[in-house]
Each structure stands twice: as C-alpha cells, then as structure tokens.
Amino acid sequence: MKEDFFKYQAQTSPHPLAIEISHANGSYIYDTSNKKYLDFVAGVSANSLGHNHPKVSEAIKNQVDTYTHVMVYGEFIQKPQVGLCKLLASTLPNELQSVYITNSGTEATEGALKLAKRVTNRAEIIAAKNSYHGNTQGSMSVSGVEKQNAAFRPLIPGIKFIEFNNSIELNKISEKTAAVILETIQGGAGFIEPKNDYLLKVKQRCKEVGALLILDEIQTGIGRTGKFWGFENYNVIPDIIITGKGLGGGMPTGAFIASYEHMTLLKDNPKLGHISTFAGHPVIAAAAHAAVTEILDKNLISESKRKENIIRKKLQHSAIKEIRGKGLMLAAIVETPELASKIIFKCLEKGLILFFLLFEGRAIRITPPLTISDEELDAGCNILLEAIKEVL
C-alpha cells in the first residue's frame, strides 16, 4: 500500500510521515505491524475527543441509519443541523447567535470574508503578517506568509497586513476597512498569544471606523485553550467567529458565526448569497453535536488548562527554550529547525506522534486530544525528553 500511496495519492509535502494506519482508539494510533503510537497531535487539533470516541461513533451510526444528505444547506429543517447551531449559540454572547455551518475551517473563512463585505459595503480586508487562515484562494489572500502565497498569485486584491501585537499599526484600520481578520492565537507563526490587550484594542479601533473584527478560532475554539472559545481569555467579543478542526470530533466541518442581523443579509440582494451543497451534512453535524456536548458535559475545557500545567512542569530541559501557547495548544521551541525535526522523527521511532508548525521551524507541536489521561501525558513527555537526550 505504501507504493500505491506515493504513486496514486497526491502528496502535500516532500517527506510525509507515511505511517500505514490499521486502526485508532482513544489517544493511540496503530500501524499495520501493530506498532502503537501515542498521539500528541490529534489530527492537528481536530480529534478533540481522541480516536473512535463512543459518543461520536454512536451519533454517526444513528444518523446514517436515519438519513444522510437530503438537500442543499439551509432549505430543509434537519435536527442535527439545528441542534448543532443552537448548542454553539448557547456557548456565546447574545450578539453572536446565528451559525452558518460549513464543510471546513477554510470555507468558514471564505464565508466570514464575504459576510464582512456584505455588512459594510467595503472591500478592504486587513490581516496579520505570519497568519494562516486556510488554503482556498480567499483564505490564502488573508494569510500573511508570502513564501506560501507567491506561487499562486494573483490572489484577492484589497488586502493589507499589519504586525500582530503591534498597536502602533492599528491606524491602518480605516473607514475603507470592511474587516480585520486575526487568529486569536497565531498558529502557524508559533502559537503567539496576543499581549497588552491587543485584541481589545483592535476591536475598539474597528468600532471607531465601522469595521468588523473576525477572529479565527479554528484551532483555539471548542475547549482547547482552557475556555470554550479562545477569545474568552482576552476580554474581547468579535463580530464574526470562524471555527473548525475540533468542532467535528474528528469529522470534517466548520462554521462562521455572527449576529442574526448581519447573517440575514446573506439571504437576499442577492438571494443565495452564500450557498453550499454538503455544508452541515447531517451525519457530520450529528458527530459535531455529540463532540461538543461531551466536551461541555465532561468538563474537558477546564481539564485542558490543568493538563497544560502538567506538560509545562514535566518538559524541563535546557534544549527547550520556551513553551508557547495555552491549554492543550502548545509548542515547545528549540534552538534550530534541524533539532526540532530530529526530535520529532526520533519520537516517532519511539512511538510518540509530534508534528511541525507551518512557519516556525523551531517549534514542536503538542496538541493532544482533550481526553488524554494524566498517565498518557506523563508517558509522552518522558518519550520526548528521552528523544532530546538521544539526538543531542
């Protein structure tokens, strides 16, 4: 199968990890030789409840037996979709109550950008340098790393970039600006947190000039940072939220969320202003509802903060210069990209899955399932420390 993988399946990097998967359960993935890997990546923050969670699997099976796709999004009343939208709204302030389910996080970005233009009747979008919001053309246009974008230009015009955490540059937000789009915590750049009330200052500037603030919660949302939404850590309420990854409990979905007043503008002038055939697929919506319910009911949100403290306390080594991030969205920073790569591949040999960040080569991603046990955290951290010793 490995030969067929490289021959027939389009590749996304020169050197994929290429583990041949047999099955997965809980915090572990098994290959076809029955080697067990402790998963400290969780499908890049997507498998919020680990692998093959019984509540998610049960919801999928029950919905498959009831009905699957029946109509394009938003035309029929379907219990999985309505239930998911209502549940997400219950986690948010009253001004953010209208949910548009999408197939992915990058599609949620596209929808949010369109909505901002529709609400403000403006075209300019301001994004952050070193940001990442997805890989469709609109999402790439507001992602601030030219090395990623150069080969695919021209992209969408009217995009300006500011430096994350630099309050001096907020004067670039003007009456021409439809929206400012930011990651609540910059992901690909190295898990960079906002400092000195930066997000609040951006929101205040947006309010002054009539622009909207879009916060990308694709990675920070759904309990990963110790709050249900990452922005709850920073005393700010955005105008539009983008979510994805952990929302589906391992199934592909996303959403953008805004006020009813704003979202209703997509219904008319023009009609069908934002449409999708498979968005909110009932099987996936049922899985997402089950995942979010489990995260809320089992107190996994506060647990992610407690487990962060375990990791920080355990990963004490001179090779680790700092640990960035919040909750179970962490990155261990080492001296060089070469060292990070050696550590990651040595851990893979030892049965621990770690991964890279897009634009910070010195980073080692640590984003395990929210359900990971204290014992599994301890075991994974021990493997990581052993790997560091062996490669130095």
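The values are calculated or read from the model by the stated rules, or taken from the named source; none is laboratory data. Since the model is a prediction, treat every value here as computed from it, not as a measurement. Heads up, the Cβs are rebuilt from the backbone with ideal geometry, glycines too, and the neighbour counts pull from every protein chain shown. Each accessible area value is taken on the protein alone, full model and side chains, heavy atoms only, with ligands, DNA and RNA left out. Shrake-Rupley method; radii C 1.70, N 1.55, O 1.52, S 1.80 Å.
What the table below lists for this structure:
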| read-out | value |
| --- | --- |
| Relative contact order %, the chain, counting alpha carbon pairs below 8 Å whose residues are six or more apart | 23 |
| Most mobile of LYS35, LYS129, LYS203 in a GNM of the chain (Cα contacts under 10 Å) | LYS35 |
| Over 21 Å between alpha carbons, listed pairs LYS114/LYS267; LYS207/LYS271; LYS35/LYS61 | LYS207/LYS271; LYS35/LYS61 |
| Magnitude of the charge dipole, the chain, Cβ model with Lys/Arg +1 and Asp/Glu -1, debye to 20 | 520 |
| Where THR102, THR91, THR32, THR68 fall by accessible area, highest first, once all protein chains stay in place (1.4 Å) | THR32, THR68, THR91, THR102 |
| Accessible surface of the chain [probe 1.4 Å, protein heavy atoms]: carbon and sulfur percent | 53 |
| Stokes-Einstein D in µm²/s, Kirkwood radius over Cα pairs - the stretch 181-223 at 20 °C with 1.002 mPa s viscosity | 192 |
| Kirkwood-based shape ratio for the chain, expressed as Rg/Rh from alpha carbons | 0.96 |
| Percent of C-alpha pairs per 10 Å bin, the stretch 155-256, short to long | 15, 47, 31, 7, 0 |
| Using θ = phi - 60° and Karplus 6.51 cos²θ - 1.76 cosθ + 1.60, couplings along the stretch 174-181 (whole Hz; Gly, Pro as x) | 9, 5, 8, 7, 6, 7, 10, 10 |
| Area accessible to solvent at GLU232, 1.4 Å probe radius, in Å² | 80 |
| Gaussian network model of the chain, Cα within-10 Å springs - most flexible of LYS147, LYS79, LYS298 | LYS147 |
| Interchain or long-range residues, amide H under 5 Å from ASN130's placed H | GLY144, VAL145 |
| Pairs beyond 29 Å (Cα-Cα), from LYS36/LYS389; LYS117/LYS326; LYS36/LYS305 | LYS117/LYS326 |
| Antiparallel content of DSSP bridges confined to the chain, in %, to 5 | 60 |
| For the chain: accessible area per residue (Å², 1.4 Å) | 45 |
